[in-house]
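The values are calculated or read from the model by the stated rules, or taken from the named source; none is laboratory data. None of these values were measured; they are calculated from a predicted model. Using ideal geometry, Cβ is built from the backbone for each residue, glycine included, and neighbour counts are taken over all protein chains shown. For accessibility, only protein heavy atoms count, side chains too; no ligands or nucleic acids. Shrake-Rupley method; radii C 1.70, N 1.55, O 1.52, S 1.80 Å.
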Amino acid sequence: MLNRPLLLIAALLLILLLVWFQRPAPVTEVARTALIMGTLVEIKGVGQDQKHINRAISNAFTAMRKEEERFSPQIESSRLSLLNRTTAAVMVDPQMLELLQLGQEISRQSQGAFNLGLGRLKALWNFEAEDPRVPTTAAIKAILPDPDHELVHIAGNRVTRSSGVQLDLGGIAKGYAVDQALKVLRTAGITSASVNAGGDIGLLGGHGERPWKIGIQHPRRPGEVLATLELRNQTIVTSGDYERFFIQKGVRYHHLFDPQTGLPARGCQSVSVIAPNAAEADALATAAFVLGPQKGLELLEQRPQVEGLILAADGTASVTSGLKGRIQWR
Ligand code: AMP
Ligand code: MG
């Protein structure tokens with residue numbers, strides 16, 4: 001017969017051994033950057049399997065590059081370039097269809113403040129030039145899209161561009177690419193990640209146990225944070241007059257245009273929008289910026305599950321009702 005105390009010790013040892021082996025592996029964080037859509041994109045993944053996270057991040061970057069190849073006006077073979085070269089009906093993929101439909105919806109809801117037909121205006125202003133200048137009023141007038149005319153006609157999966165208009169998805173495509181990266185990470189089973197494409201941010205879960213702490217760029221103090229807020233499982237996108245601009249005769253000219261005048265919209269310094277997906281947040285941030293603080297805030301309040309922070313041209317801040325008390329000002 002076996003000795004009972006010995007049996008007890010053996011059982012205890014077995015339990016200890018089991019507990020030891022089932023102890024979770026230590027949590028690690030992997031952070032990598034890549035240049036996509038002219039922006040330094042940073043993806044962070046948190047979890048236990050470093051190799052797996054690395055692989056998922058690589059796949060997420062690949063998904064974003066695919067969107068760049070689809071939506072870039074600079075890439076000759078992109079679907080967007082093809083659309084901009086012909087006025088015939090073009091069969092488009094589901095991604096292009098989704099983006100154009102969302103763009104049309106936000107355009108309608110913002111009374112045309114959001115406009116996907118400003119490609120020629122963007123080329124005229126040419127912020128990438130070495131010495132950008134304000135174009136003449138006549139040059140601007142000659143290329144502004146007619147607000148009463150449909151930019152693109154969508155029938156099923158066929159899209160026809162209105163002649164005279166060049167499509168530009170710069171106000172929405174980066175957000176869409178962030179969404180695709182999130183999808184890849186989620187499918188890989190990653191439960192804690194962030195994708196930051198130059199201020200277009202998508203989040204999976206929290207930062208480990210805690211929420212992600214997001215800093216909002218101060219529009220007039222480069223590198224400084226205006227405010228912070230805590231988020232989980234959401235996206236936040238900022239449009240600001242500090243992103244792409246030049247100063248001529250003491251006046252700031254930036255890349256967010258009022259489609260009625262063809263000039264930079266004057267109501268805001270920056271707009272940050274929180275939404276369930278980054279494409280929507282991206283389009284709404286641009287739209288609200290162009291609409292200005294009052295109408296911009298009204299637009300954000302109308303959309304379900306959307307919140308936002310608007311910094312007016314004079315520096316006063318306003319936030320949507322659901323965001324009150326959730327922002328830490330610096
Ligand atoms: P974002 O940084 O997302 O606000 O996007 C800025 C980009 O959106 C610009 O560089 C243009 O490509 C495009 N854009 C500028 N004005 C408008 C507008 N009123 N509606 C839609 N897109 C615009
Ligand atoms: Mg935008």
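Before moving on, here are some points about what is shown:
- Folded to 0 to 90 degrees: helix 293-302 orientation relative to the chain principal axis, Cα: 50
- Tilt relative to the chain, helix 50-71 - C-alpha long axis, 0 to 90 degrees, to 10: 10
- Rounded to the nearest 10 Å², the accessible area of ARG221 at probe 1.4 Å: 120
- Its DSSP H runs of at least 4 residues, each contributing -39,500 (n - 2.57), put the calculated 222 nm mean residue ellipticity of the chain at -11000 deg cm²/dmol, to the nearest 500.
- GluC sites (Glu not before Pro) within the stretch 196-264, DSSP loop, no more than 13 other Cβ atoms inside 10 Å: GLU209, GLU224
- Between helix 4-22 and the chain: long-axis angle, C-alpha atoms, 0 to 90°, nearest 10: 10
- Size-normalised alpha-carbon gyration radius of the stretch 23-84, reference 2.2 N^0.38 Å: 1.49
- Sequence-distant lysines (8 or more away, or on other chains) whose Cα lies within less than 29 Å of LYS183: LYS44, LYS51, LYS66, LYS174, LYS213
- A 1.4 Å probe over all protein chains sorts PHE127, PHE61 by accessible area into PHE127, PHE61, starting with the largest.
- Span from the the stretch 22-92 Cα centroid across to the the stretch 176-221 one, whole angstrom: 13
- SER318 - accessible surface, heavy atoms, 1.4 Å probe, Å² rounded to 10: 40
- Taken over the chain, the percentage of Cα pairs per 10 Å bin, counting from 0 up to the bin with the maximum distance, is 5, 24, 30, 22, 9, 4, 3, 2, 1, 0, 0.
- Heavy-atom accessible surface of LEU8, to the nearest 10 Å², is about 120 Å², with a 1.4 Å probe and all protein chains retained.
- Cα pair distances exceeding 23 angstrom across the stretch 193-297, given as percent: 29
- Put the Cα centre of the stretch 295-314 next to the Cα centre of the stretch 123-143 and the gap is 29 Å.
- Based on C-alpha pairs under 8 angstrom that are at least 6 apart in sequence, the chain has a relative contact order of 15 percent.
- Stokes-Einstein, applied to the Kirkwood radius of the stretch 118-199 over Cα pairs at a viscosity of 1.306 mPa s and 10 °C, places its translational diffusion at 98 µm² s⁻¹.
- Annotation: average projected area of the stretch 1-105 is 12.6 square nanometres, based on the convex hull of Cα atoms across all directions.
- Debye log10 I(q)/I(0) at q = 0.20, 0.26 Å⁻¹ for the stretch 79-161, Cα point scatterers: -1.02, -1.30
- Accessible area in the full protein assembly, largest first, 1.4 Å probe, for LEU97, LEU121: LEU97, LEU121
- Ligands, DNA and RNA are left out, and with a 1.4 angstrom probe the accessible area of the chain is 52 Å² per residue.
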